Every structure is written in structure tokens, then in C-alpha cells.
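Notes for the one structure printed next.
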Amino acid sequence: MNRFLLAAAILLMTGPALAQQYRWVENGRVRYGDVPPPGVNATRLKGPTPPSAPPPAAKDAKGPLTPAERDAGFRKRQEESQKEREKQELAARDAQAKKENCARAQDHVRTIESGQRLSRTDSKGERQYLDDSQVAQELAKARQAANEWCK
């Protein structure tokens, strides 16, 4: 019984909120209300817009889905979600590898530019030091590699 009285009281209180509102100017002041005074040029204001109705559900010729069809749709969405996560993980790994390769290439350029003597090991296992032209070629290759990895 108490719930019924509470519901009735709430309904009675919401009635004035849905009433039509007016705007008028009285003695140089703008006034608003649900009943304008007589003899005043009042403008009717738009009321609150009612909530829009949800769009009608698309009806299949078959009717509502069966539980098996709903389960199949759920599994399909799960598989698509899993594929998307794997794709994002692959992209993240590629980005990390590119970042690491860029850092290595930049380190190699700095090492060559430092002026240290550079050497290579030949097929016999002997160390051969690079001359200035070989260092310049190596520097050009290192810069090119850094530019490719650090785009």
C-alpha cells in the first residue's frame, strides 16, 4: 500500500514539470512561467523533447534467433576479437623491434663518428684496420641504415 502511495505522489509531482512554459516581458524584466498574466504578449516555449524511441529491430524472415544461432554469433565475435588482439600484439612487437634496431643503428653511427680505429676480421681470423676511405663507406652505410630504421 505504501508503494502505491509513493508512486502516486511521484506521478503528481512530475505533472507540473511537463506543463507548457511561457516567456514574457513585464516592467522591463523577462519572466517565465506556466501561466502568463492577462494582457501580456507571451511567447510559448518548446517543452522538453520526449526521449526518442529506439529504432525498430530488424526482423529476419526466420524470426527470433535460436540459442544455437546466438552461441554461434558469440563464438564468431570472440574469434574476431582474438584475431584483432593478435594483430595488435604483432604490431606492438614490430614497433618495438624497429625501435631497438633504430637505437643500434644510431649507436653504430656514433661509434664510427667517434674517431676510433675500426677493424674487421678476415676469413683467416686476422684483424685488418680500415683506412679512411673504408671508414667513410662504412659511415655512409651506417647512416643509411639509421635513416631506414628511424623513419
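Read-outs throughout are calculated quantities, based only on the coordinates presented, and are distinct from any laboratory measurement. Every value quoted in this text rests on a predicted model; they were computed, and no experiment measured them. In this analysis, Cβ positions are derived from the backbone assuming ideal geometry, glycine residues included, and neighbour counts consider all displayed protein chains.
Quick one: what are the phi-derived ³J(HN,Hα) couplings along region 69-74, Karplus 6.51/-1.76/1.60 with θ = phi - 60°, whole Hz, x for glycine and proline?
5, 5, 4, 5, x, 5
Stretched out fully, how many nm does the piece from GLN106 to ALA53 gain, at 0.36 nm a residue minus the Cα gap?
Contour length minus Cα-Cα distance gives 13.0 nm.
Under a Cβ-only charge scheme (Lys and Arg +1, Asp and Glu -1), can you give me the dipole magnitude of region 93-151 about the Cα centre, in debye to the nearest 20?
I would put it at about 240 debye.
Under a cut-off of 17 Å between alpha-carbon atoms, report the aspartates and glutamates in cross-link reach of LYS83, not counting same-chain residues fewer than 8 places apart.
ASP94
Taking 0.36 nm per residue of sequence separation and subtracting the Cα-Cα distance, how much length would be gained by fully extending the chain between LYS99 and SER123, in nm to one decimal?
5.4 nm
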